[in-house]
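To start, the structure itself, in C-alpha coordinates.
The values are calculated or read from the model by the stated rules, or taken from the named source; none is laboratory data. Since the structure is predicted, the reported quantities are computational estimates derived from the model, not experimental observations. Don't worry about glycine lacking a Cβ; one is built from the backbone with ideal geometry, like all the others, and counts go over all protein chains shown. Calculation scope for accessible area: heavy atoms of the full protein, side chains included, ligands and nucleic acids excluded. Shrake-Rupley method; radii C 1.70, N 1.55, O 1.52, S 1.80 Å.
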Amino acid sequence: MTLQDITVEEMLHRGYANLIDVRSPGEFARDTIPGAVNIPLFSDSERAQVGTAYKREGQAAAQWLGMQIVSPKMETLMEAIRQRGEEAGEPPVIFCWRGGMRSRAMATFSTFAGVPVRRLIGGYRAYRKHVVGTIEPYELNRPVFLLHGMTGVGKTELLRHLEASGLPVLDLERMAGHRGSVFGHIGKGKPANQKMFDARLFETLRRLKDAPYFVMEAESRRIGNALLPPFLLQAKEQAVHILLTAPLEVRVQRLYDEYVTPFSWRPDFAEKIKDAYLKIARRIPTAQAKLLTEALQAGDYRQAIASLLVHYYDPRYQNKQRDYVTEIHECVDAADLEAAGKSIQALIEKYLPVR
(Lines give C-alpha, C1' and ligand atoms only; values in the text may rest on other atoms or scores of the structure.)
Protein backbone atom coordinates (compact mmCIF):
# COMPACT_ATOMS: atom_id res chain seq x y z
CA MET A 1 0.00 0.00 0.00
CA THR A 2 1.16 3.54 -0.75
CA LEU A 3 1.27 6.12 2.04
CA GLN A 4 -1.24 8.91 1.59
CA ASP A 5 0.61 12.21 2.04
CA ILE A 6 -0.92 15.66 2.28
CA THR A 7 0.64 19.13 2.24
CA VAL A 8 -0.17 21.87 4.73
CA GLU A 9 -1.90 23.85 2.01
CA GLU A 10 -4.06 20.85 1.02
CA MET A 11 -4.92 20.17 4.64
CA LEU A 12 -6.05 23.74 5.23
CA HIS A 13 -7.96 23.92 1.95
CA ARG A 14 -9.83 20.68 2.56
CA GLY A 15 -10.51 21.59 6.17
CA TYR A 16 -9.19 18.43 7.81
CA ALA A 17 -9.78 18.73 11.53
CA ASN A 18 -8.83 15.18 12.59
CA LEU A 19 -5.18 15.78 13.50
CA ILE A 20 -2.90 13.44 15.46
CA ASP A 21 0.42 14.68 16.81
CA VAL A 22 2.67 11.63 17.34
CA ARG A 23 5.48 13.57 19.04
CA SER A 24 6.26 13.11 22.73
CA PRO A 25 3.93 14.61 25.36
CA GLY A 26 6.51 17.29 26.20
CA GLU A 27 6.76 18.43 22.59
CA PHE A 28 2.97 18.41 22.26
CA ALA A 29 2.58 20.52 25.43
CA ARG A 30 4.95 23.18 24.09
CA ASP A 31 3.31 23.69 20.69
CA THR A 32 1.11 21.85 18.24
CA ILE A 33 -1.47 22.47 15.54
CA PRO A 34 -4.63 23.71 17.29
CA GLY A 35 -7.20 20.94 17.61
CA ALA A 36 -4.68 18.10 17.41
CA VAL A 37 -4.69 15.22 19.88
CA ASN A 38 -1.54 13.55 21.13
CA ILE A 39 -0.95 9.84 20.43
CA PRO A 40 2.81 9.71 21.04
CA LEU A 41 5.09 7.14 19.50
CA PHE A 42 7.58 7.70 22.36
CA SER A 43 7.22 9.05 25.87
CA ASP A 44 9.53 11.92 26.82
CA SER A 45 12.00 9.57 28.50
CA GLU A 46 11.89 7.09 25.58
CA ARG A 47 12.54 9.91 23.12
CA ALA A 48 15.54 10.95 25.20
CA GLN A 49 16.88 7.39 25.16
CA VAL A 50 16.58 7.18 21.38
CA GLY A 51 18.26 10.56 21.01
CA THR A 52 21.14 9.49 23.22
CA ALA A 53 21.58 6.29 21.21
CA TYR A 54 21.65 8.31 17.99
CA LYS A 55 24.38 10.61 19.31
CA ARG A 56 26.52 7.83 20.75
CA GLU A 57 26.01 4.94 18.34
CA GLY A 58 24.46 6.35 15.18
CA GLN A 59 21.18 6.15 13.28
CA ALA A 60 20.98 2.38 12.92
CA ALA A 61 21.33 1.83 16.68
CA ALA A 62 18.73 4.49 17.41
CA GLN A 63 16.28 2.94 14.95
CA TRP A 64 16.75 -0.50 16.47
CA LEU A 65 16.17 0.85 19.97
CA GLY A 66 13.08 2.69 18.74
CA MET A 67 11.72 -0.56 17.30
CA GLN A 68 12.29 -2.33 20.61
CA ILE A 69 10.48 0.40 22.52
CA VAL A 70 7.52 0.71 20.17
CA SER A 71 6.85 -2.96 19.30
CA PRO A 72 5.16 -3.93 22.62
CA LYS A 73 2.71 -1.03 22.42
CA MET A 74 1.99 -0.99 18.69
CA GLU A 75 -1.43 -2.63 19.03
CA THR A 76 -2.45 0.02 21.59
CA LEU A 77 -1.26 2.82 19.32
CA MET A 78 -3.11 1.42 16.29
CA GLU A 79 -6.30 1.02 18.30
CA ALA A 80 -6.07 4.65 19.47
CA ILE A 81 -5.63 5.87 15.89
CA ARG A 82 -8.45 3.66 14.62
CA GLN A 83 -10.84 4.92 17.29
CA ARG A 84 -9.87 8.51 16.55
CA GLY A 85 -10.71 8.02 12.87
CA GLU A 86 -14.05 6.39 13.65
CA GLU A 87 -15.06 9.10 16.13
CA ALA A 88 -14.18 11.92 13.75
CA GLY A 89 -15.67 10.23 10.71
CA GLU A 90 -12.61 10.95 8.53
CA PRO A 91 -9.07 9.57 8.20
CA PRO A 92 -6.67 11.17 10.68
CA VAL A 93 -3.82 13.40 9.52
CA ILE A 94 -0.67 12.25 11.33
CA PHE A 95 2.30 14.52 11.90
CA CYS A 96 5.53 14.77 13.86
CA TRP A 97 8.17 17.52 13.99
CA ARG A 98 9.22 17.51 10.33
CA GLY A 99 7.33 14.67 8.70
CA GLY A 100 10.17 12.25 9.38
CA MET A 101 10.58 8.82 10.87
CA ARG A 102 7.99 9.03 13.64
CA SER A 103 5.03 10.03 11.49
CA ARG A 104 6.22 7.76 8.67
CA ALA A 105 6.41 4.79 11.05
CA MET A 106 2.94 5.45 12.46
CA ALA A 107 1.44 6.00 9.00
CA THR A 108 3.11 2.85 7.64
CA PHE A 109 1.89 0.66 10.49
CA SER A 110 -1.61 2.17 10.20
CA THR A 111 -1.72 1.52 6.47
CA PHE A 112 -0.67 -2.12 6.85
CA ALA A 113 -3.21 -2.52 9.67
CA GLY A 114 -5.97 -1.34 7.36
CA VAL A 115 -6.48 1.94 9.20
CA PRO A 116 -6.73 4.81 6.67
CA VAL A 117 -4.56 7.81 7.59
CA ARG A 118 -2.77 10.69 5.91
CA ARG A 119 0.70 11.94 6.74
CA LEU A 120 1.42 15.66 6.83
CA ILE A 121 4.37 16.45 4.58
CA GLY A 122 6.96 18.47 6.48
CA GLY A 123 5.16 17.91 9.79
CA TYR A 124 4.63 20.59 12.39
CA ARG A 125 7.62 22.53 11.10
CA ALA A 126 5.90 23.00 7.72
CA TYR A 127 2.71 24.17 9.46
CA ARG A 128 4.69 26.64 11.57
CA LYS A 129 6.42 27.98 8.46
CA HIS A 130 3.04 28.50 6.79
CA VAL A 131 1.68 30.31 9.87
CA VAL A 132 4.64 32.68 10.06
CA GLY A 133 4.54 33.28 6.32
CA THR A 134 0.89 34.27 6.62
CA ILE A 135 0.98 36.37 9.78
CA GLU A 136 4.14 38.42 9.16
CA PRO A 137 2.85 40.18 5.99
CA TYR A 138 -0.83 40.03 7.05
CA GLU A 139 -3.00 43.12 6.57
CA LEU A 140 -6.31 43.31 8.39
CA ASN A 141 -7.90 45.85 6.04
CA ARG A 142 -11.14 45.86 8.02
CA PRO A 143 -12.58 48.13 10.72
CA VAL A 144 -11.57 47.27 14.28
CA PHE A 145 -13.62 48.14 17.36
CA LEU A 146 -11.29 48.30 20.34
CA LEU A 147 -12.63 47.92 23.89
CA HIS A 148 -10.85 49.94 26.56
CA GLY A 149 -11.52 50.06 30.28
CA MET A 150 -9.96 49.69 33.70
CA THR A 151 -9.18 46.29 35.17
CA GLY A 152 -12.35 44.43 36.12
CA VAL A 153 -14.67 46.51 33.97
CA GLY A 154 -15.73 43.39 32.05
CA LYS A 155 -13.87 43.56 28.74
CA THR A 156 -13.24 39.82 28.56
CA GLU A 157 -16.77 38.90 29.65
CA LEU A 158 -18.19 41.31 27.08
CA LEU A 159 -16.03 39.83 24.32
CA ARG A 160 -17.35 36.37 25.17
CA HIS A 161 -20.91 37.70 25.17
CA LEU A 162 -20.43 39.34 21.78
CA GLU A 163 -18.79 36.22 20.37
CA ALA A 164 -21.69 34.10 21.58
CA SER A 165 -23.99 36.55 19.78
CA GLY A 166 -22.18 35.82 16.52
CA LEU A 167 -19.89 38.85 16.31
CA PRO A 168 -16.34 38.39 14.92
CA VAL A 169 -14.14 38.62 18.01
CA LEU A 170 -10.35 38.36 18.37
CA ASP A 171 -9.91 37.22 21.99
CA LEU A 172 -6.16 37.74 22.28
CA GLU A 173 -5.97 36.88 25.98
CA ARG A 174 -7.61 33.52 25.34
CA MET A 175 -5.13 32.84 22.53
CA ALA A 176 -2.26 33.71 24.89
CA GLY A 177 -3.67 31.69 27.79
CA HIS A 178 -3.12 34.74 29.97
CA ARG A 179 -5.19 37.66 31.25
CA GLY A 180 -2.51 40.26 30.70
CA SER A 181 -1.70 41.14 34.33
CA VAL A 182 0.72 39.88 36.96
CA PHE A 183 -2.14 37.71 38.23
CA GLY A 184 -3.12 36.70 34.70
CA HIS A 185 -1.81 33.14 34.97
CA ILE A 186 -3.95 32.23 38.00
CA GLY A 187 -6.14 29.28 37.04
CA LYS A 188 -4.91 29.32 33.45
CA GLY A 189 -2.08 26.81 33.62
CA LYS A 190 1.05 27.55 31.63
CA PRO A 191 0.68 30.54 29.27
CA ALA A 192 1.00 29.85 25.57
CA ASN A 193 4.36 30.41 23.92
CA GLN A 194 4.71 32.51 20.79
CA LYS A 195 4.23 29.55 18.47
CA MET A 196 0.91 28.53 20.02
CA PHE A 197 -0.32 32.12 20.13
CA ASP A 198 0.53 32.58 16.46
CA ALA A 199 -1.19 29.31 15.55
CA ARG A 200 -4.37 30.22 17.43
CA LEU A 201 -4.42 33.67 15.84
CA PHE A 202 -3.84 32.14 12.41
CA GLU A 203 -6.69 29.65 12.85
CA THR A 204 -9.05 32.37 14.12
CA LEU A 205 -8.27 34.62 11.16
CA ARG A 206 -8.91 31.70 8.80
CA ARG A 207 -12.25 30.99 10.48
CA LEU A 208 -13.24 34.67 10.31
CA LYS A 209 -11.78 35.34 6.87
CA ASP A 210 -15.05 36.84 5.60
CA ALA A 211 -15.76 38.98 8.67
CA PRO A 212 -16.54 42.62 7.75
CA TYR A 213 -14.95 43.90 10.99
CA PHE A 214 -13.35 42.72 14.25
CA VAL A 215 -13.96 43.42 17.93
CA MET A 216 -11.03 43.08 20.30
CA GLU A 217 -9.70 44.27 23.62
CA ALA A 218 -7.08 46.99 23.84
CA GLU A 219 -3.93 45.08 24.79
CA SER A 220 -0.31 46.01 25.27
CA ARG A 221 2.28 44.60 22.88
CA ARG A 222 2.97 41.62 25.16
CA ILE A 223 0.36 39.28 26.65
CA GLY A 224 1.97 36.71 28.92
CA ASN A 225 4.70 35.09 26.83
CA ALA A 226 3.41 36.27 23.45
CA LEU A 227 4.04 39.41 21.40
CA LEU A 228 1.35 40.83 19.15
CA PRO A 229 2.25 40.88 15.44
CA PRO A 230 2.74 44.28 13.76
CA PHE A 231 -0.54 44.13 11.82
CA LEU A 232 -2.55 44.07 15.07
CA LEU A 233 -0.60 46.99 16.50
CA GLN A 234 -1.26 48.96 13.31
CA ALA A 235 -4.95 48.04 13.35
CA LYS A 236 -5.28 49.33 16.91
CA GLU A 237 -4.02 52.74 15.83
CA GLN A 238 -6.87 53.07 13.27
CA ALA A 239 -9.57 51.51 15.43
CA VAL A 240 -12.81 52.90 16.79
CA HIS A 241 -11.96 53.26 20.48
CA ILE A 242 -14.77 52.39 22.93
CA LEU A 243 -14.30 53.03 26.65
CA LEU A 244 -16.16 50.71 29.05
CA THR A 245 -16.98 51.97 32.54
CA ALA A 246 -18.35 50.31 35.69
CA PRO A 247 -18.47 51.22 39.42
CA LEU A 248 -15.64 50.03 41.66
CA GLU A 249 -17.84 47.57 43.56
CA VAL A 250 -18.93 45.92 40.30
CA ARG A 251 -15.34 45.59 39.15
CA VAL A 252 -14.27 44.08 42.48
CA GLN A 253 -17.02 41.49 42.33
CA ARG A 254 -16.19 40.54 38.74
CA LEU A 255 -12.53 40.03 39.58
CA TYR A 256 -13.46 38.05 42.67
CA ASP A 257 -15.73 35.83 40.58
CA GLU A 258 -12.99 35.33 37.97
CA TYR A 259 -9.89 34.87 40.11
CA VAL A 260 -11.04 33.77 43.56
CA THR A 261 -14.31 31.82 43.42
CA PRO A 262 -13.19 29.14 40.92
CA PHE A 263 -9.70 28.59 42.33
CA SER A 264 -9.57 29.46 46.06
CA TRP A 265 -10.12 25.80 46.99
CA ARG A 266 -6.74 24.86 45.57
CA PRO A 267 -4.04 24.25 48.22
CA ASP A 268 -1.54 26.47 46.40
CA PHE A 269 -3.97 29.34 45.67
CA ALA A 270 -2.91 31.66 48.53
CA GLU A 271 0.77 31.06 47.76
CA LYS A 272 0.34 31.86 44.07
CA ILE A 273 -1.54 35.07 44.89
CA LYS A 274 1.18 36.07 47.33
CA ASP A 275 3.98 35.34 44.84
CA ALA A 276 2.24 37.39 42.16
CA TYR A 277 1.63 40.27 44.56
CA LEU A 278 5.28 40.38 45.65
CA LYS A 279 6.26 41.16 42.05
CA ILE A 280 4.44 44.52 42.25
CA ALA A 281 4.42 45.26 46.00
CA ARG A 282 7.28 47.75 45.81
CA ARG A 283 5.31 49.87 43.33
CA ILE A 284 2.47 50.44 45.81
CA PRO A 285 2.72 53.22 48.45
CA THR A 286 4.03 51.81 51.74
CA ALA A 287 0.94 52.44 53.86
CA GLN A 288 -1.40 50.91 51.30
CA ALA A 289 0.98 48.00 50.67
CA LYS A 290 0.92 47.17 54.40
CA LEU A 291 -2.90 47.13 54.47
CA LEU A 292 -3.00 45.07 51.30
CA THR A 293 -0.58 42.51 52.71
CA GLU A 294 -2.73 42.21 55.82
CA ALA A 295 -5.86 41.69 53.70
CA LEU A 296 -4.16 38.91 51.74
CA GLN A 297 -2.91 37.21 54.90
CA ALA A 298 -6.43 37.34 56.34
CA GLY A 299 -7.92 35.95 53.14
CA ASP A 300 -9.98 39.13 52.63
CA TYR A 301 -9.66 39.02 48.87
CA ARG A 302 -12.40 41.54 48.12
CA GLN A 303 -10.56 44.19 50.13
CA ALA A 304 -7.27 43.18 48.53
CA ILE A 305 -8.77 43.48 45.04
CA ALA A 306 -10.22 46.91 45.80
CA SER A 307 -6.86 48.13 47.13
CA LEU A 308 -5.01 46.79 44.12
CA LEU A 309 -7.41 48.56 41.77
CA VAL A 310 -7.32 51.92 43.53
CA HIS A 311 -3.61 52.04 44.36
CA TYR A 312 -1.99 50.11 41.51
CA TYR A 313 -4.03 49.14 38.44
CA ASP A 314 -6.17 52.26 38.01
CA PRO A 315 -3.26 54.76 38.20
CA ARG A 316 -1.17 52.65 35.82
CA TYR A 317 -4.06 52.32 33.40
CA GLN A 318 -4.70 56.07 33.39
CA ASN A 319 -1.04 56.83 32.72
CA LYS A 320 -0.79 54.25 29.96
CA GLN A 321 -4.05 55.33 28.39
CA ARG A 322 -2.84 58.91 27.94
CA ASP A 323 0.09 57.61 25.89
CA TYR A 324 -1.79 54.84 24.13
CA VAL A 325 -4.73 56.61 22.51
CA THR A 326 -5.40 60.25 21.76
CA GLU A 327 -9.16 59.95 21.32
CA ILE A 328 -11.93 57.83 22.80
CA HIS A 329 -14.77 57.78 20.30
CA GLU A 330 -17.52 56.32 22.47
CA CYS A 331 -18.24 55.42 26.12
CA VAL A 332 -20.40 52.48 27.21
CA ASP A 333 -21.69 51.69 30.70
CA ALA A 334 -20.69 48.07 31.32
CA ALA A 335 -22.34 47.60 34.73
CA ASP A 336 -24.90 45.44 32.90
CA LEU A 337 -23.04 43.32 30.36
CA GLU A 338 -26.10 42.35 28.35
CA ALA A 339 -27.09 46.00 27.92
CA ALA A 340 -23.47 46.89 27.15
CA GLY A 341 -23.42 44.21 24.43
CA LYS A 342 -26.45 45.76 22.76
CA SER A 343 -24.82 49.19 22.95
CA ILE A 344 -21.64 47.86 21.32
CA GLN A 345 -23.64 46.31 18.49
CA ALA A 346 -25.48 49.59 17.93
CA LEU A 347 -22.15 51.46 17.77
CA ILE A 348 -20.78 48.97 15.26
CA GLU A 349 -23.77 49.64 13.00
CA LYS A 350 -23.20 53.35 13.45
CA TYR A 351 -19.55 53.26 12.38
CA LEU A 352 -19.62 50.61 9.69
CA PRO A 353 -19.61 51.95 6.14
CA VAL A 354 -22.88 51.61 4.29
CA ARG A 355 -23.06 48.16 2.66
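What FRET efficiency do you get for L248 and Q4 if R0 is 56 Å and r is their Cβ-Cβ distance, rounded to the nearest 0.05?
According to the calculation, E is roughly 0.40.
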Checklist entry - For the chain, what are the per-bin percents of Cα-Cα distances with bins 10 Å wide, up to the bin holding the maximum? => result 5, 20, 25, 21, 17, 10, 2, 0
Next on the checklist: Semi-axes of the equivalent ellipsoid for segment 48-190, please: Cα gyration tensor eigenvalues, times 5, square-rooted, ordered largest first, whole Å.
Outcome noted: 42, 20, 17
Item to check | All aspartates and glutamates inside 16 Å of K279 as judged from Cα atoms, apart from same-chain residues fewer than 8 positions distant | outcome: E271
Checklist outcome for this item: Counting only protein heavy atoms with a 1.4 Å probe and every protein chain in place, the carbon and sulfur fraction of the accessible surface of segment 1-108 in whole percent equals 52 percent
Checklist entry - Of the accessible area of segment 250-355, with the probe set at 1.4 angstrom, what percent is carbon plus sulfur? => result 53 percent
Checklist entry - For the chain, with the dipole built from +1 on Lys and Arg beta-carbon atoms and -1 on Asp and Glu ones, taken about the Cα centre, which of A239, L170, P92 lies farthest toward the positive end? => result P92
Checklist outcome for this item: Of the residues P137, Y351, G154, the Cα lying farthest along the dipole of the chain towards its positive end, which is defined by charges on the beta carbon of Lys, Arg, Asp and Glu, belongs to P137
Next on the checklist: With a 1.4 Å probe and all protein chains left in place, how much accessible area per residue does segment 1-155 have, in Å²?
Outcome noted: 51 Å²
Checklist entry - With every protein chain kept in the model, how would you rank K129, K195, K350 by accessible area, 1.4 Å probe, largest at the top? => result K129, K350, K195
Next on the checklist: Set the bar at 29 Å for Cα to Cα. Now go through K195/K236; K129/K350; K290/K320 and name every pair that lies beyond it.
Outcome noted: K129/K350
Checklist entry - Roughly how many Å² of R283 are accessible to a 1.4 Å probe, to the nearest 10? => result 120 Å²
Item to check | Choice from E237, E271, E330 with maximal GNM fluctuation in the chain (Cα, 10 Å cutoff) | outcome: E271
Checklist entry - Quick one: putting +1 on the C-beta of Lys and Arg, -1 on the C-beta of Asp and Glu, what dipole do you get for the chain around its Cα centre, in Debye to the nearest 20? => result 1000 debye
Item to check | Positive-pole candidate from V252, Y213, P229, dipole of segment 208-355, charges at beta carbon | outcome: P229
